[in-house]
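Engineer: Handing you a structure now.
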Amino acid sequence: MPATLLLVDDHALFRTGLRLIVQDHPDVGTIAEAGSIVQACELRLQEADLVLLDIQLPGMSGLDGLRLLRQSCPRARIVLVSASMAPDAVRESRARGADGFLPKSARGEDILNAITLALAGLPCFPSDGAPAAADGPQAPALTARQLDVLSLLCTGKPNKVIARDLSLSENTVRVHVAAIFAQLGVNSRSAALLQAQRLGMVGLPLHGGY
């Protein structure tokens, strides 16, 4: 039977990007979303098999809300998700009883592998001794027009609509999209959306120009 997943993160855009990745997992069926521990508990998803839980949440953190979610989703494996890869964060997650830990910088294939492990009842933690990046990944230097295209791409608009909104030809938009994918190191719109969110490149104002 396909698994039921619950995504808990206060950033709707990140949840959207994560959903686009996890929905491709062959063992995943229903995907529910919540923006906080309170919302997650109110869903009363006792049938949930896996929860991907952000550590930094408003009101109550993922670490502090772990026990409440255990009560609300008694059969679920709970994997904590964090923007930090600091060894202390990994150790604290394990100490609080989490079943795994995922950095938000994880690649799509790593996220899918973690889901496979978690659903199989196996832990999915990185090495406690793994060094954290000093400053995290850096946003690539896109042109003003590429940033415009990226902003619209992240809202789910197709090339035809982006071209109309920016008064460009579809071919020009395709060229910009290819350049954006190359700069971000991705090969799909869903991956571009997730990577742009990680790098803080979404929600940018339109600049104009070519």
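Engineer: Can you tell me which residue is surrounded by the most Cβ atoms within 10 Å (Cβ to Cβ) among those in the range 135-152 that are outside any helix (DSSP H, G or I) and either of a type outside the set (S, T, N, Q) or modelled with pLDDT of 75 or more (or both)?
Structural biologist: Across the range 135-152, the extreme among qualifying residues is 142.
Engineer: Which numbered condition in (1) modelled with pLDDT of 90 or more; (2) farther than 27 Å from residue 184 by Cα; (3) within 21 Å of the chain's Cα centre (by Cα) is the only one that residue 74 fails?
Structural biologist: Unmet condition: (3).
Engineer: Out of all the residues in the range 54-79, which are in contact with an Asp or Glu (Cβ under 8 Å, 6 or more places away or on another chain) and surrounded by 21 or more Cβ atoms within 10 Å (Cβ to Cβ)?
Structural biologist: Listed by number, the residues that qualify are 54, 57, 62, 76, 77, 78, 79.
Engineer: Please work out if residue 90 is over 14 Å from residue 7 (Cα atoms), touching a strand residue (DSSP E or B) at 6+ places or on another chain (Cβ under 6 Å) and either among the β-branched types (Val, Ile, Thr) or surrounded by fewer than 18 Cβ atoms within 10 Å (Cβ to Cβ) (or both).
Structural biologist: yes
Engineer: Restricting to the range 160-174, and then to whatever is surrounded by 19 or more Cβ atoms within 10 Å (Cβ to Cβ) and closer than 21 Å to residue 20 by Cβ, can you tell me which residue is nearest to the chain's Cα centre (by Cα)?
Structural biologist: If we take residues in the range 160-174 being surrounded by 19 or more Cβ atoms within 10 Å (Cβ to Cβ) and closer than 21 Å to residue 20 by Cβ, then 162 is nearest to the chain's Cα centre (by Cα).
Engineer: Where in the range 1-61 are the strands (runs of 3 or more DSSP E), entirely inside, with at least 3 residues that are not aliphatic (A, V, I, L, M)?
Structural biologist: Those strands (runs of 3 or more DSSP E) span 28-34.
The values are calculated or read from the model by the stated rules, or taken from the named source; none is laboratory data. What you are looking at is a predicted structure, and each value in this text was computed from that prediction instead of being measured. A quick note on method: Cβ atoms are made from the backbone with ideal geometry, for glycine too, and the neighbour counts reach across all protein chains shown.
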